[in-house]
Amino acid sequence: MKDTLQSSWPLFLGIGLIMLGNGLQGSLLGVRAAMEAFPTSWIGVIMSCFYVGFLVGSAVTPRLLASVGHIRVFAAWASLASAAVLVHSLWVEPGAWAAMRFCTGFAYAGMYVVAESWLNDRVDDDSRGQVLSLYMVVQYGGLAAGQLLLNVADAAGAHLFILVSILVSLALMPISLSSRPAPLFESAESVPLRELLRITPTGLAGCVTAGAATGALLGIGPVYAQSTGFDVRDTSLLMSAAIAGGALLQFPLGRLSDRVWRTDVIIGVGVAAALVAAAVPFMASSWHLSRVVGFVLLATLLLPLYALVLALANDRLRPDQMVAAGSGLVLAFGVGAALGPVATTSAMTLVGPDGFFGVLAVLACLLALGGLTTRRRANQGKVDFLPTPVSSPHTPEERMETEPAELV
């Protein structure tokens with residue numbers, strides 16, 4: 001793990017700056033859209049367009065990696081994201097914002113494929129959960145700090161959009177000036193989604209679920225807070241605390257998943273999140289401290305899920321499959337994340353603000369039920385279940401032979 005960090009620190013620094021800008025931009029758009037009196041349904045569409053762009057970006061990026069390399073692709077997509085955010089301040093109209101969110105999502109998907117395939121190339125199975133969890137800590141740390149930047153200037157002006165563009169542009173420096181060679185994938189194997197579903201069904205389904213939960217939390221969380229009477233300052237503090245909670249729990253869960261079955265960790269988190277999401281609406285009829293605590297606790301449980309299911313999926317892949325498979329996993333995440341905001345705003349329109357928690361409760365239940373179903377299939381004898389921890393001395397090849405496929 002130490003060697004991985006030493007060779008990949010420019011990537012971590014670049015991602016940290018990117019996410020600092022993304023954290024500010026995501027909440028800024030929700031707050032500004034409310035100020036501009038955009039319809040709630042339009043806000044859901046705008047936020048979902050980010051993840052629709054994700055789908056396209058995750059499909060396009062692997063083809064470019066083989067021809068121009070990781071660093072150039074990262075630089076190109078960061079430049080696109082930096083330019084797109086400025087259009088929001090120049091053209092305040094729902095359709096234009098939806099188009100720019102698509103461009104931003106396209107660029108971020110590409111940068112995630114670059115980062116995650118880069119890291120997976122430098123890590124083994126015994127430390128993958130920790131390294132990917134640390135990667136997510138950097139992401140969520142940047143997102144959390146970005147929420148606080150909402151208070152730097154008036155959200156009604158252009159200054160915060162310009163600040164986002166500056167942060168994203170600065171992220172190019174550590175990546176572009178890195179002396180460490182990026183991974184080479186000239187012989188990367190194609191991994192269609194059908195094949196990826198066969199190799200790691202729980203990992204692929206988990207990416208969809210984690211994407212939907214993340215899209216709802218980060219995209220509609222600020223809208224939910226505004227709808228319950230929070231001002232800009234309190235909204236930024238709430239979102240920052242929620243994302244920071246996810247960052248703090250990320251590494252302990254990743255470390256635990258390297259020592260026990262990753263599916264057991266995911267099932268436990270899913271059950272706990274479902275209970276919290278179901279309980280919050282019954283705490284009170286108005287926003288108060290218990291609801292704030294519930295919101296933060298729910299985000300703390302749900303946000304680490306993507307790194308866990310990503311590590312779970314990559315345990316089953318060969319190095320020459322990871323770029324193409326990484327694209328498929330980001331694609332699955334994007335599908336879920338595109339649906340999450342739309343489903344959440346639709347529920348809020350139908351039943352009020354508590355629909356936000358209802359959707360998240362359903363997503364957490366689906367994840368837990370999926371894990372329990374695969375566990376039951378293993379117990380019924382469809383596969384031989386050998387409870388060998390991931391940290392066992394077996395080689396990755398031996399572990400792939402002994403671990404039941406349905407569990408990953």
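From the set of residues in segment 142-164 that are surrounded by fewer than 21 Cβ atoms within 10 Å (Cβ to Cβ) and in a helix (DSSP H, G or I), which is farthest from the chain's Cα centre (by Cα)?
HIS159
For residues that are in a helix (DSSP H, G or I), open to solvent by less than 10 Å² (accessible area, probe 1.4 Å) and either farther than 22 Å from GLY334 by Cβ or at pLDDT below 80 (or both), tally how many sit in segment 197-218.
1
Report yes if some residue within segment 178-196 is at pLDDT below 75, more than 17 Å from the chain's Cα centre (by Cα) and assigned to a helix (DSSP H, G or I); otherwise report no.
Within segment 178-196, one or more residues are at pLDDT below 75, more than 17 Å from the chain's Cα centre (by Cα) and assigned to a helix (DSSP H, G or I).
Checking the conditions here, which among ARG262, ARG291 is crowded, with 24+ Cβ neighbours inside 10 Å and modelled with pLDDT under 85?
ARG262
Any residue at all in segment 226-241 that's surrounded by fewer than 24 Cβ atoms within 10 Å (Cβ to Cβ), of a type in the set (Lys, Arg) and either assigned to a loop (DSSP other than H, G, I, E, B) or under 21 Å from the mean Cα position of the chain (by Cα) (or both)?
Scanning segment 226-241, I find no residue that is surrounded by fewer than 24 Cβ atoms within 10 Å (Cβ to Cβ), of a type in the set (Lys, Arg) and either assigned to a loop (DSSP other than H, G, I, E, B) or under 21 Å from the mean Cα position of the chain (by Cα) (or both), so the answer is no.
Can you pull out every residue in segment 30-42 that is in contact with a helix residue (DSSP H, G or I) (Cβ under 7 Å, 6 or more places away or on another chain) and in contact (Cβ under 8 Å) with a residue 60 or more places away in the chain?
Answer for segment 30-42, where residues must be in contact with a helix residue (DSSP H, G or I) (Cβ under 7 Å, 6 or more places away or on another chain) and in contact (Cβ under 8 Å) with a residue 60 or more places away in the chain: GLY30, VAL31, ALA33, ALA34, THR40, SER41.
The values are calculated or read from the model by the stated rules, or taken from the named source; none is laboratory data. The structure displayed is predicted, hence computed values, not measured ones. All Cβ positions, glycine included, derive from the backbone under ideal geometry; neighbour counts span all protein chains shown. The protein model used for the area step is the full one, side chains on, heavy atoms only, and it has no ligands, DNA or RNA in it. Shrake-Rupley method; radii C 1.70, N 1.55, O 1.52, S 1.80 Å.
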